[in-house]
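One structure below.
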Ligand SMILES: Nc1nc2c(ncn2[C@@H]2O[C@H](COP(=O)(O)OP(=O)(O)O)[C@@H](O)[C@H]2O)c(=O)[nH]1
Ligand SMILES: [Mg+2]
């Protein structure tokens, strides 16, 4: 008899949200169709990301164009949802927002209460992420732009020009499948927020 009911299982699923959790922080990941939003939320989330990814059906034909996005057979019907515990009482929630124009009505709700956003860009299809940048600028929502390199492409400074990104908006590279890359993107957003909101000595001096 080796079984012992009081023994903790060696492997268990991540604990449910801590009772201490008080601060819920929210970051949204936006961008065009097939740029890697679902992949990014899945790569960094500590819970199995909740996603409403559906196998593309006849209904998507002519609406979502997979011909330009190799090996993509699913499309996000609503949004992706992931979670990262920062400290016991600080939880970061990640929302991947569908990029297709027919889902824009969701964006205002999604942006409400968000700290900032990550715009994912596929360097081969910059135009697919232009509107996301436009909408974020219109909302006054701080954001960073992450270039998901599916294949070698133009240098970052050329992409910055092509996207007409102001110098102060961080532009970084990432592989959305890499947890470390995605973490680095989130850290660049947090640093950017810090630069925007932290009282600088110069600002403190002004009345
Ligand atoms: N080569 C490569 N493929 C990627 C990368 N990120 C995502 N993918 C693939 O690209 C496809 C689209 O990604 P997905 O996350 O579904 O895009 P979404 O529509 O923005 O949610 C999927 O088949 C991913 O596996 C990447 O950085 N490099
Ligand atoms: Mg998706």
Condition broken by residue 175, with the remaining ones in (1) in contact (Cβ under 8 Å) with a residue 40 or more places away in the chain; (2) in contact with a strand residue (DSSP E or B) (Cβ under 8 Å, 6 or more places away or on another chain) satisfied: (1)
Filter region 138-155 down to residues that are without any contact (Cβ under 8 Å) to a residue 24 or more places away in the chain and surrounded by 14 or more Cβ atoms within 10 Å (Cβ to Cβ), then give me how many there are. 0
Does region 53-73 contain any residue that is modelled with pLDDT of 85 or more, in a strand (DSSP E or B) and near ligand 1 (Cβ under 9 Å from one of its atoms)? no
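The values are calculated or read from the model by the stated rules, or taken from the named source; none is laboratory data. Note that the structure is predicted; figures quoted are calculated from it, not measured. Backbone-built Cβ (ideal geometry, glycine too); neighbour counts: all protein chains shown.
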